[in-house]
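Working notes for the structure below.
The values are calculated or read from the model by the stated rules, or taken from the named source; none is laboratory data. Because the structure is a prediction, the values reported are computed rather than measured. Methodologically, a virtual Cβ is constructed for each residue, glycine included, from the backbone with ideal geometry; neighbour enumeration extends over all protein chains shown.
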Amino acid sequence: METYNLELVRGNTKTYEIQFQKDGSPIDITGWTVFFTVKSVYDLPDTLPDAGAILKKDITSHSDPENGKTLISLSYQETATLKAGQTMFYDITVKDDSGKIYTVVLGNLVVTEKVTQRTEPTP
């Protein structure tokens, strides 16, 4: 497992490309599910797993599964709901094709505010 901090700008579209490797060689991720979860605290006392997550993505369709590549795409609408200036926590956990579940990376997610708020040209 690795630790890696992410930064993004609130209200921006963002795509992270992830490549899974072992000993420098790509791993075939066909049939895998990749879970991307963002929370304000590590453990939320909810009755449903991850019910209190700020953002969750379940990726089952990968960009190049034979070469271990997948995309985690965040829309403008998803990042616009994040609070700028707050450090949150994220992880990327996978469920492989044999049913094994493990966390591959985790860290802090820092959201900054942008200056431009309009999304259409000013008349």
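For this structure, a couple of remarks:
- Just one of the listed residues (VAL9, VAL38) is surrounded by 15 or more Cβ atoms within 10 Å (Cβ to Cβ), in contact with a helix residue (DSSP H, G or I) (Cβ under 8 Å, 6 or more places away or on another chain), of a type in the set (A, V, I, L, M) and within 21 Å of GLY85 (Cα to Cα), and it is VAL9.
- Test: residue in the stretch 36-47 that is at pLDDT 90 or above, over 19 Å from GLU2 (Cα atoms), among the small types (Gly, Ala, Ser) and part of a loop (DSSP other than H, G, I, E, B): no
The rows are residues; the columns are (1) outside any strand (DSSP E or B); (2) more than 25 Å from PHE20 (Cα to Cα); (3) of a type outside the set (Asp, Glu).
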{"site": "ALA51", "(1), (2), (3)": "yes, yes, yes"}
{"site": "ALA84", "(1), (2), (3)": "yes, yes, yes"}
{"site": "THR93", "(1), (2), (3)": "no, no, yes"}
{"site": "GLY99", "(1), (2), (3)": "yes, no, yes"}
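- Residue ID - farthest from the chain's Cα centre (by Cα), chosen from residues in the stretch 12-29 that are surrounded by 11 or more Cβ atoms within 10 Å (Cβ to Cβ), in a loop (DSSP other than H, G, I, E, B) and not acidic (Asp, Glu): ILE27
- Annotation: of all residues in the stretch 74-112 being over 18 Å from the mean Cα position of the chain (by Cα) and modelled with pLDDT of 90 or more, the one that is surrounded by the most Cβ atoms within 10 Å (Cβ to Cβ) is ASP97.
- Any chance THR3 is under 14 Å from THR93 (Cα atoms) and at pLDDT 95 or above: no
- Of all the residues in the stretch 1-11, those that are among the hydroxyl-bearing types (Ser, Thr, Tyr) and in a strand (DSSP E or B) number 1.
- GLY52, sole failed condition from (1) modelled with pLDDT under 95; (2) loosely packed, with under 13 Cβ neighbours inside 10 Å; (3) more than 20 Å from THR3 (Cβ to Cβ): (2)
- Among residues of the stretch 79-107 that are aliphatic (A, V, I, L, M), those with a Cβ under 7 angstrom from a residue that is part of a loop (DSSP other than H, G, I, E, B) and buried (at least 16 other Cβ atoms within 10 Å of the Cβ), sequence gap 6+ or separate chain, pair up as ALA80/ARG10; ALA80/GLY11; LEU82/ARG10; LEU82/ILE54; ALA84/ARG10; MET88/ILE54; VAL94/TRP32.
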